[in-house]
Amino acid sequence: MIPIGDDNSDRRSAPVVTWLLIAANVVVFVALQGFGANQRFTLAFAAVPAEILSGHDIAQSVPIRDPYGRTVATVDLEPTPIPVYLTLLTAMFMHGGFAHLFGNMLYLWIFGDNVEDALGHGRYLAFYLVTGIVAGLSHVFVTALSGANPLIPSLGASGAISGVLGGYLVLFPRRRVRVLFFYQVMEVPALIVIGLWFVFQLFSGAGSLGSSGGGVAYGAHVGGFVAGFLLVRLFAPRPPTYRWA
């Protein structure tokens, strides 16, 4: 079930921040990551759980192992020229490949505009960044708790976009979302689309606990989603209060 659009008929403003976020992710991937070829930049600014936990930069070769413990590749962590905690922010704007970028931007394009319209441009940007940082910290926590390799770098906008999905579910649970399902386009409520997505993240994350190699940071997805679900009302503009004369 792949979402391809939603109902924007009641949107009151242009989703400028969503457009800018998409543009920023594309520019970073093309100009700074060199379409993924500039590994020195990517590995310098990706978030490394061990660095976040220790507060110190780590530059060394890291083995990537398969589920059987065999080394299948190595990653050479580069020196990070900024405080390591800021990589929780920089990692949100980098991607591992074109498919990774396209999938994330598709979800941001579909679901971000209505959340931005509901929160307002400034609150939406703050909401996006806060849930993205919480998602990154969730990945660090799950990595430490599960015994996974804390030297494997993580990157991508999916944690922040998961926060957008959590907020969307609270604000628009019944909104019709167009999905591609077995070569057929249909409309289903957001509650079903996003609910199924979240269940998949939970089960996939549970199945990947303890993995020593790289892969999808399901902990970031779940953490970002929960943060968005719980925090979106705090970022929503409050209704005006009136004084009676």
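The table below gives the values:
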item: Every residue from the range 1-31 that is without any contact (Cβ under 8 Å) to a residue 60 or more places away in the chain and over 16 Å from Ile110 (Cβ atoms); result: Leu20, Ala23, Val27, Val30, Ala31
item: Positions within the range 1-39 being at pLDDT below 95 and assigned to a helix (DSSP H, G or I), in sequence order; result: Gln39
item: Within the range 134-151, tally of residues that are touching a residue at least 40 places away in the same chain (Cβ under 8 Å) and in a helix (DSSP H, G or I); result: 12
item: Residue in the range 180-189 that is aliphatic (A, V, I, L, M) and surrounded by 18 or more Cβ atoms within 10 Å (Cβ to Cβ) present; result: no
item: Matching residues in the range 73-99 - criterion: being over 17 Å from Ile152 (Cβ atoms) and surrounded by fewer than 17 Cβ atoms within 10 Å (Cβ to Cβ); result: Pro79, Pro81, Ile82, Pro83, Tyr85, Leu86, Leu89, Phe98, Ala99
item: From the options Ile52, Ile64, residue that is farther than 23 Å from Gly228 by Cα and touching a residue at least 40 places away in the same chain (Cβ under 8 Å); result: Ile64
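The values are calculated or read from the model by the stated rules, or taken from the named source; none is laboratory data. Here the structure is a predicted model, which means the values were calculated and not measured. For neighbour counting, all protein chains shown are included, and Cβ atoms are generated from backbone atoms with ideal geometry for every residue, glycine included.
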